[in-house]
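Visitor: A single structure is presented below for examination.
The values are calculated or read from the model by the stated rules, or taken from the named source; none is laboratory data. Please read these numbers as outputs of a predicted model, since none were measured by experiment. Positions of Cβ are generated from backbone atoms using ideal geometry, with glycine treated the same way; all protein chains shown enter the neighbour counts. Ligands, DNA and RNA are stripped out before the accessible areas are found, and what is left, the full protein with its side chains, is counted by its heavy atoms. Shrake-Rupley method; radii C 1.70, N 1.55, O 1.52, S 1.80 Å.
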Amino acid sequence: MSNEFDASEFIDDDFQAARKSSPALTSNPFAATAGEVDRAPTREEVDSRVGETQHKLAELKRLQQDLERERAALEETRRRQLEFTTGRQEMVQSLTRGVGLLEVAEFTARRDAEQMAKALLELREAHTKIQGIHEEGWTKDNLQVELTRALTIIENARMEWNGARLKFPLLSGPAAVPVEAAPARPAESGLGALIKEKRYFELCKLGFIVTWPLVLAAVGIFVVLLLRYR
């Protein structure tokens with residue numbers, strides 16, 4: 001068993017002696033600091049702190065301006081990216097639709113052009129065949145044969161013409177009526193034609209000739225009535 005605990009064994013005698021000889025070690029080490037805190041700041045210290053505060057405010061303002069410029073740049077970038085995305089989608093849709101429509105229109109136009117060229121060739125051939133009919137060279141012996149051949153050519157040309165009209169509505173428009181084929185106006189006869197052919201003086205004479213019997217009859221009736229009531 002060990003001996004009982006002795007507190008005097010843990011005391012440094014040299015440190016205790018030095019502490020008694022030095023009053024600084026026995027006093028409060030924080031007394032000077034507390035005194036400095038309670039002391040009012042001098043004008044130089046206040047000016048220094050004001051300058052530091054203004055410097056910090058200027059730094060914060062500069063930092064705010066930098067952040068605002070960065071935010072404006074980011075917003076502009078976001079706007080341009082949105083414009084790029086929207087514009088690309090819009091143009092892709094429009095161009096896809098336009099290409100499809102033009103391809104269909106081109107195919108239709110090419111097909112119509114081919115059909116029109118074919119119809120034009122057939123109409124020209126039919127026209128040439130009809131122009132090649134010369135009835136003045138027919139004789140009594142070959143009249144029936146030539147008539148049959150000519151009627152066949154005309155019938156084939158009519159079929160070509162009707163087929164072309166069905167394909168191309170342009171051919172169904174009103175045709176110009178030749179001057180010689182215009183229907184003649186019926187000739188006027190009687191009093192109407194006579195009036196158109198006479199001049200003013202002659203028309204006056206004609207009117208007098210037509211109305212003088214009526215004038216004489218009216219004068220006679222007036223004279224009879226006058227004699228009766230005298």
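Visitor: Please enumerate the residues belonging to segment 138-177 that are farther than 18 Å from L120 by Cα and surrounded by 14 or more Cβ atoms within 10 Å (Cβ to Cβ).
Guide: Scanning segment 138-177 gives W138, E146, A150.
Visitor: Now a separate question. Given Q65, Q81, which one is at pLDDT 90 or above and open to solvent by 100 Å² or more (accessible area, probe 1.4 Å)?
Guide: Within the list Q65, Q81, the selection yields Q81.
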